[in-house]
Amino acid sequence: MQLREGSGAVGIMGGSFDPIHLGHLVTAEQARADLGLDEVVFVPAGSQPQKPQHTTPSELRYLMTVLATAANPAFSVSRLEIDREGPTYTVDTLRSMRQSRPNDQLFFITGADAILNILTWKDAKECLELAEFVAATRPGYDLHRLESEGLREHVRILDVPALAISSSDVRKRFADDRPVRYLIPLEVEQFARKYRLYRDGSDAA
Ligand code: ATP
Ligand code: MG
């Protein structure tokens, strides 16, 4: 696609990032390289309508995301959702990204599990109009279902080196005192230990 003068290609990676792990980072970097993105903006969610209430305060999830992405010049973290009152919806985020970057080409990057839920999102059709959707392969989730959901033509598939890592598993590992090293960045592990996150397992599931 021809880009307009002064415009860029921006990837938007939404998530709880509770905590951010190598699966998120590998996915974002692969999207950057394969789609020729100028930047990838990570957008930690505030309170999420479709997820049980998180016990990790959004400010701490935001800081862990900053720590994990700081060394990559193409990565940044947005406070858009955590600073918004009330539940956060992807459509609101995409609307305000579109407004603040009228000339940019926007890509919304999700994992295979998240994309399969898209039809349940608020204003799903508008979401698909505001950005190009990219679905990253993720172990355990079958992207062939996109066909039966009628979504295949709206979504670009991104092949990501398979990492069977999830934040829920990382939280359980912290609670059970099992290793998290090489699953999350060292800085994130140190930060989580410093603030004694995920220790009692109540938010592990
Ligand atoms: P949880 O287990 O708490 O749901 P998670 O590991 O799924 O956490 P999220 O913050 O929910 O992480 O995910 C943010 C985005 O990153 C989603 O679009 C998700 O599909 C994608 N994602 C997460 N882990 C991976 C992975 N290992 N490979 C590819 N995509 C991933
Ligand atoms: Mg998830």
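Brief remarks follow.
- Residue of Gly14, Gly86, Gly111 that the Gaussian network model of the chain assigns the largest fluctuation, springs spanning Cα pairs under 10 Å: Gly86
- Selected from Gln105, Gln30, Gln190 as most flexible by GNM, with the chain as the system and alpha-carbon contacts under 10 Å: Gln190
- Expressed per residue, the C-alpha convex hull volume of the chain stands at 119 Å³.
- Residue-normalised accessible area of the chain, given per residue in Å² at a 1.4 Å probe: 52
- In this structure the amide hydrogen of Gly15, modeled in the peptide plane, comes within under 5 Å of the amide hydrogens of Val43, Ala45, none closer than 5 places in sequence on its chain.
- Computed helical MRE - 222 nm, the chain, DSSP H runs ≥ 4 contributing -39500 (n - 2.57), nearest 500: -9500 deg cm²/dmol
- When +1 charges are put on Lys and Arg Cβ atoms and -1 charges on Asp and Glu Cβ atoms, the dipole computed for the range 43-130 relative to its Cα centre reaches about 40 debye.
The values are calculated or read from the model by the stated rules, or taken from the named source; none is laboratory data. Not measured: the values here are computed from a predicted model. Because the Cβ atoms are built from the backbone with ideal geometry, glycine has one as well, and the counts that use them run over all protein chains shown. Calculation scope for accessible area: heavy atoms of the full protein, side chains included, ligands and nucleic acids excluded. Shrake-Rupley method; radii C 1.70, N 1.55, O 1.52, S 1.80 Å.
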